[in-house]
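Engineer: Once you've had a glance at the structure underneath, I'll fire off some questions.
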Amino acid sequence: MDKNDLKSLWHDAHNSNQEIIYDKVKIEKSISMKHCKAISKIISDVKLKILFSAIGLFIYIGLMLYAFVYLDLVFSINSIIPLALAGLFLIFITTSEIVRLLVLTKTADNMSVKESLLFSRKRLNRIRTFDFLSYLVILYLSAVLVIVNYLSDIGGVKNLSFRNEVIPLPFLLFFILMLLFMPWFIKYLHNQRYRKIYFELNNSVRILNEEA
Amino acid sequence: MEKEFIKLVKNHEGILHKICNIYFFRNPYKEDYYQEILIRLWKSFPSYKNQSAFSTWLYRVALNTAIDIIRKQNLQPKHTELSNIEYSIPEYEHNIESYKKEKLYQAINYLSDVEKSIIILYLEDYSYKEIAEIIGLSESNTGVKINRIKIQLIKILKDGQE
């Protein structure tokens, strides 16, 4: 087959009017919609996650206001830190899902294909960095909290027992190390999750960037 | 504006069909994604300012949308039941044109998303200049890429697969 045969093959293949399969899709009806069914389903799944995490966040804020403002409770700093971490985690979860929604809804359709690909890669990189940094802050703060609690032996943490056995120091060190390594583990999981998208994006960008 | 848009799109429906057939080859949601492309075209229409031919603009938006849909599928993977489309055996024994088309589409399906967009434009008789504008490449680079893709495509067609 010659290189120029491809065009004739393409035109021959499209000469007959067999492509009327989209007659069911009415342009007038379509443009009144926000998204097609399949994409709407993906977006509504993310919106549902946002709703749940936002509800959790509001309940948390409500409880905090009730405790600190209405009841005027005073907690020690070691009690406040875990509460603050829980709040931080809820904020992170909500924000993370909102960012994901933005990725799903923001588009760069009017740009050239190459610009649009670069735009998408930039957005994905931003999400990954945001997720990584958030986990890094939350888990490192948790590790610091555990260390501070242990060193100052607050609540008799040094003698905490598990099935009547005193928790050994190596176990605690392992737990702290786990917290410190966790952001990289999550980064690895994210890489696995986005691997296909990144592969496609990087491959497309590489093809377009290759010099003639 | 709506009437003008519908009229313009109706005149170029063939392009959209071809893009859907290439990007969503044997995909059970093909019709749905065709609808999504129409929606995105309508949303982008206000930014179309007659700077380029309508078909050039339409191609750019439709190709970006098709590639974006595939990316979204990958971002939120989900398990779906196979539809009749996957189970069915293509009926092209009595139709040589359908058979050729199926083989060509199968071959194009081996290409990457961006290679698909370049080859569709080439096969649709767009000039190198127009292809370069839609894809975002230089004209000379576009020519080189088209040649490489053509060689790749012919190899796939000859060998059955790459």
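Engineer: What is the mean number of Cβ atoms from other protein chains located within 10 Å of the Cβ atom of each residue in peptide B:27-40, rounded to a whole number?
Structural biologist: On the way: counts 1, 1, 4, 2, 7, 8, 3, 6, 14, 8, 4, 10, 9, 6.
The shielding value for this peptide is 6.
Engineer: How much space per residue, in cubic angstrom, does the convex hull of the C-alpha atoms of the range B:1-53 take up? Could you put the intermediate results ahead of the total?
Structural biologist: Numbers: hull volume 4.4 nm³, N = 53.
Hull volume normalised by residue count: 82 Å³.
Engineer: Moving on to the next point. For the range A:115-145 and the range B:1-71, compute the distance between their C-alpha centroids and round to whole Å.
Structural biologist: So the separation of the two Cα centres works out to 33 Å.
Engineer: Using only the Cα atoms, what convex hull volume per residue in Å³ does the range A:50-118 have? Write down the numbers at each step before the final one.
Structural biologist: Details: hull volume 7.0 nm³, N = 69.
Given the Cα convex hull of the range A:50-118, per-residue volume reads 102 Å³.
The numbers here are math on the coordinates, done by the rules we state, and not lab data. What you see is a predicted model; the values in this text were computed from it and never measured. Virtual Cβ from ideal backbone geometry, glycine too; neighbours counted across all protein chains shown.
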